[in-house]
Amino acid sequence: MRKIIAQENETGKIYARGYDKDGRAILYLHPGLENSNNEMNNMRHLVYSLERAIAATAKKSGREKFNIVISYKGFKLKNAPAISVVRHTVDILQNHYPERMYRAYVCDPPLVFRTFWSIVKPFIDPVTRDKLQFCHGKAGRHVLMDRFDLETTERCACGTRELRAFNSTEYLNAPLWKTFDE
């Protein structure tokens, strides 16, 4: 299992880094960095990442919910997951981690995402759907400014300074309850 997580994590497509203003971990998803088409290994990596965000949040603030930031920087259609992967991801979030996600911020989605969203939207529970916030332009920046300290947030989520590049080996060797750079 360790080898699978290491392989899935090596590009930095999913990892926890930092917290919102209330101590909830931020789980960054970078679909443009997808490096695998093995659905089960992708799901194992997702569950590991969710558990890590939950553990970090509990340790930091005693809270139970976490944030997700989805950055579409570098995304190309060839990186788009199969619909089965999207359904599986939604199933895991809705049925195995209900009420664990505080908010999901979709940052600067490409135009093609609208079509993708129209396909996926019916499969998402209305409560979960209401937790999604699309962030682009000035309005998106204000949403993110309200929730995050932009000094410690990645640029993809309107962070104001360059943070250290993600290091998968360092991240995976740190205790489960720590986010990257902690």
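The values are calculated or read from the model by the stated rules, or taken from the named source; none is laboratory data. All of these numbers come straight from a predicted model, not from anything done at the bench. Positions of Cβ are generated from backbone atoms using ideal geometry, with glycine treated the same way; all protein chains shown enter the neighbour counts. The area values use the complete protein model at the heavy-atom level, side chains included, leaving out ligands, DNA and RNA. Shrake-Rupley method; radii C 1.70, N 1.55, O 1.52, S 1.80 Å.
Listing for the model above:
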{"quantity": "Value of D in µm² per second that Stokes-Einstein yields for region 1-61, Kirkwood Rh from Cα pairs, at 25 °C (0.890 mPa s)", "calculated": "205"}
{"quantity": "Residue 152 accessible area, assembled protein chains, probe 1.4 Å, Å²", "calculated": "60"}
{"quantity": "Solvent exposure, largest accessible area first (probe 1.4 Å, DNA, RNA and ligands not counted), of 46, 33", "calculated": "33, 46"}
{"quantity": "Net charge, residue 28 excluded, C-beta distance under 10 Å - Lys, Arg +1, Asp, Glu -1", "calculated": "+1"}
{"quantity": "Value of D in µm² per second that Stokes-Einstein yields for region 24-137, Kirkwood Rh from Cα pairs, at 25 °C (0.890 mPa s)", "calculated": "167"}
{"quantity": "Within region 3-111, percent of DSSP bridges classed antiparallel, to nearest 5", "calculated": "30"}
{"quantity": "Linear extension gain, residue 58 paired with residue 145, 0.36 nm per residue minus alpha-carbon span", "calculated": "29.0 nm"}
{"quantity": "Per-q log10 I(q)/I(0), region 109-158, q = 0.19, 0.23, 0.26 Å⁻¹ (Debye; single scatterer per alpha-carbon; no solvent)", "calculated": "-0.77, -0.94, -1.01"}
{"quantity": "In order through region 29-40: 3J(HN,Hα) via Karplus (6.51 cos²θ - 1.76 cosθ + 1.60), integer Hz, x for Gly, Pro", "calculated": "10, 10, x, x, 9, 4, 10, 8, 10, 8, 4, 5"}
